[in-house]
Structure formats: C-alpha cells, structure tokens
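K.L.:
Questions regarding the structure given below will be posed in turn.
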Amino acid sequence: MENQMPKEIGIDHSIGLLKEGYHFILNRSEKFQSNVFETRILGRKAICMLGEEAAQIFYDPKKFQRKDAAPNRIVQTLFGKNSVQTLDDEEHRNRKEMLMSVMTQEHLNHLMELTQMQWEQSLDKWSRMDKVVFYEEVKELLCNVAFKWIGYPLHESDAQKMTKELASMFETAAAIGPNHWVGRTFRNMGEKTIHQLIQDTRDGKIKFPQNTVLHQFAFHKDSQGKLLDIETVTVEVINMLRPIVAISIYINFSLLALIEFPEEKEKLQSFNDYSKMFVQEVRRFYPFFPFVAAKVRSDFTWNGYEFKEGTLTLLDLYGTNHDPTKWEDPEKFNPERFTHWQGSPFSFIPQGGGDYYLGHRCAGEQITIDVMKISLDYLVNRMEFTVPEQDLSFEIDDIPSIPKSKIILENIARSRSH
C-alpha cells in the first residue's frame, strides 16, 4: 500500500535552505515526524531523507544514480566535471579503483610522516609570530602536506596561492552571487596548474617517481584500456588535494572542542585510545558537509512511499549524525559514546555512507581520521598557547561552518614536556 509522502507547501524552498543550512532537513523531519519528505529546491522537486535506513536505500546503486544529480554550481566549484562523485556502475568502479590504489598502508604512512614534519615546521614558524589565525594557518599546512604527498612539493609563494584556490572550492560551494563566481574562478586557476603538471608528466618533461600519486594517476587507464583524458585526471588529482586541505575545518573544530570542553584534555593525555573516540565525536558533532545528492534511477516504493525515476534526492549527513533515534543525547559532545560503538556504515556518515571500495563513501576518510589524530596530538601534548578573547561562535546556516574568529592563538611555544 502506498502512503502519501509528507510535502512542504510552496513554490521553492531554496531560501529556507540558505537560512537554515545544516538544520534544513532535520527541522522539517521533526515537523513532519517523518525521515522522508518532499520539497522544492532550485526549482526542482526534491525528496529529502535522513537516518540509517534512508542511507541504506540511498546508497543502493539499483535505486539511485549520481549522474546529473549534483547541481551544476556544486560541480563547477566543489567536485569538478566528470569527477568520481558524479559517476555510476563500471565507470565509477574503475575511477574509484584509481583513487583507492593510492590508499595503501605505505602511501598512508608516508602521508602521516609528511603531516608530522609539516606540523614541526609550522610550530617553529608560529612560535615566532605574535598571533596566529589557526584556521588559515592549518589550511596552508595541509596544502603543503597534500602536494608533497602527490609528489610535487610547493615553494612558499605557490603554497599560499594553491591554498587559496583549493580552499575556495569547498568554502564557496554553497555560496550565491559574487562569492560563487570567485570559487569558480579559483577552481579554473587550480585546474590550469594541475593540467599542466599532468601534460608535462605525459610528455616526459617532468619525471615523477612511479609510486607517486601524480605518476599513477597520469598513466591510469580506463576500463577500455585507454589513458584517461587530461581534464579528468586533473579533476581526480584535485580530488586528492582539496579534501586534505578541507580537514582544516575538522582540526579547527577539534581545537574549539578543547577550548569549550577543557576536561577533555586530561582524558586525551591519560588514555591512549581516547584520541580516536574524540576525533570521531568531532566528526559527528560539528557540521562539515550538510547532505549529498542523487537521482532516483527507476521507480520504486520504500516504506509505502513512491520514488519516481529522475527525482532529485538529498540525504542529510548532518541530520543522520544527530538522529535522536540512533544517538543518545545527540546535541551533547561525548566522545565516550564511541567506546564500544558498533554502528553500521550507514548510521555514522560525516563523509558519506556505504562501502569505500564499491560505493560512494569518501575514499579519504581514513586520511581524515589519521591527520586529525596527529593534529590533536600537537594541540594537546606538543604545544602551548593562549586563547585571547574572541568570537568563537559558528553559524549553522554557513556552509561550511567555521568559528567566526577562525580561532586566534597567541604565545605559541613548544610544550616543555616534549
């Protein structure tokens, strides 16, 4: 038997989405007392869903597709044209294979070594500065790490330029008006740089070692055995770089959590495995990416609700991580909830749900966790600092959301115990 899906009345609710940000789907889910409802966004009918069961359906490739689902403005700033996030079936499997091929333990260990070295260099630099805008500094720190990892270390002036270009891709993805066009311009500039690197690699003008990301991607072949076109390789190299820089948002929230919940520092210093729980709770509790988009592949019925082919569907990542039916006191910061956590890959989805290898779950999720743990170790054990009076609040309607002051630190020094 089919049920009538709850429906939001009105011509378009894009303004509501901009005003309510991360709470848009969650608010309506509570209002309708339903984890699925219909609305209209950017002039299109859209189904919104949240929760573990919804995520399981959303990541079923027989029911949903990614092709032509993401709004063009997101493709033009965040993802890039023909990126892995926009593919399905064999094409998606081949591309995901390429991304996962550099997620070996050896590659990940190298990335962590580079992260530690960069933190050491940054700490030396910051200790000579009167004050540090933490978010801006960590973006540049991670940009340096990312480029060294793919095999192309940056000069200092290039690092500032590339940080700006990569960060604008995720900072302007939800922007409208001039800020959106700034993001598109910076994306074009970033793509131009990487395009040239790939071209020079294929032409033999630059020789990267065979085990580097740049070499492996430049010579990756598609399912027909042909080299990928340079535009596509460029987009996927940026798909390695940009998310590493975006971890700066989580690291900033890690610091905010240490400031707002000072009792956590002692636990982190006392228990070895506490850092993993702390990192997971930062990823669950604070806003990162609000939702992901897909299109209904062919008609189906779920929970008595009809899903029609071609309908835009949004899965609420933030709302699923704050779903009161799955998380006890979801609005409370409590790392200990992860002590014996046995959740499914569909209930905790800060970077998407499902399977890494076959599905659309973020290929770099383990990188995020490991980089956050190293950064947390520095914040808790390896450096001292003072936090002057400032506005540490963040808005739930800003996407991405970042504390207003970007967290200013003063009197940075190496910890005397290290």
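The values are calculated or read from the model by the stated rules, or taken from the named source; none is laboratory data. Predicted, not measured: the structure shown is a model, and the values here were computed from it. We place every Cβ from the backbone using ideal geometry, glycine too, and count neighbours over all the protein chains shown.
K.L.:
Looking at (1) hydroxyl-bearing (Ser, Thr, Tyr); (2) crowded, with 23+ Cβ neighbours inside 10 Å; (3) in contact with a Lys or Arg (Cβ under 6 Å, 6 or more places away or on another chain), find the lone condition where Tyr274 falls short.
P.N.:
(2)
K.L.:
Which pairs do you get when a residue that is part of a helix (DSSP H, G or I), found in segment 97-116, comes within reach of a residue that is hydroxyl-bearing (Ser, Thr, Tyr), reach meaning Cβ atoms under 9 angstrom, with the pair 6+ apart or on two chains?
P.N.:
So the pair list comes out as Glu97/Tyr357; Met100/Tyr356; Met100/Tyr357; His107/Ser101; Thr115/Ser375; Gln116/Tyr378.
K.L.:
A further question follows. Checking the structure you have, find out if any residue of segment 301-324 is β-branched (Val, Ile, Thr), buried (at least 20 other Cβ atoms within 10 Å of the Cβ), in contact (Cβ under 8 Å) with a residue 40 or more places away in the chain and not in a loop (DSSP other than H, G, I, E, B).
P.N.:
Checking segment 301-324: at least one residue is β-branched (Val, Ile, Thr), buried (at least 20 other Cβ atoms within 10 Å of the Cβ), in contact (Cβ under 8 Å) with a residue 40 or more places away in the chain and not in a loop (DSSP other than H, G, I, E, B).
K.L.:
Which residues, taken from segment 109-164, are touching a strand residue (DSSP E or B) at 6+ places or on another chain (Cβ under 6 Å) and among the aromatic types (Phe, Trp, Tyr)?
P.N.:
Selection gives Trp126, Phe134.
K.L.:
Is there any pair with a first residue in segment 207-236 that is closer than 11 Å to Asn94 by Cβ and touching a residue at least 24 places away in the same chain (Cβ under 8 Å) and a second that is outside any loop (DSSP other than H, G, I, E, B) and of a type in the set (A, V, I, L, M, F, W, C) whose Cβ atoms are under 6 Å apart and which are 6 or more apart or on different chains, and what are they?
P.N.:
His220/Met98
K.L.:
Let me ask something else. Can you confirm whether segment 118-138 contains a residue that is more than 18 Å from Val237 (Cα to Cα) and at pLDDT below 95?
P.N.:
no
K.L.:
Check off (1) modelled with pLDDT of 95 or more; (2) buried (at least 19 other Cβ atoms within 10 Å of the Cβ); (3) out of contact with any Lys or Arg (no Cβ under 6 Å at 6 or more places or on another chain) for Asp329 and give me the number that stays unchecked.
P.N.:
(2)
K.L.:
Let me ask another. Check whether at least one residue in segment 199-209 is under 30 Å from Thr172 (Cα atoms) and of a type in the set (Val, Ile, Thr), and report yes or no.
P.N.:
no
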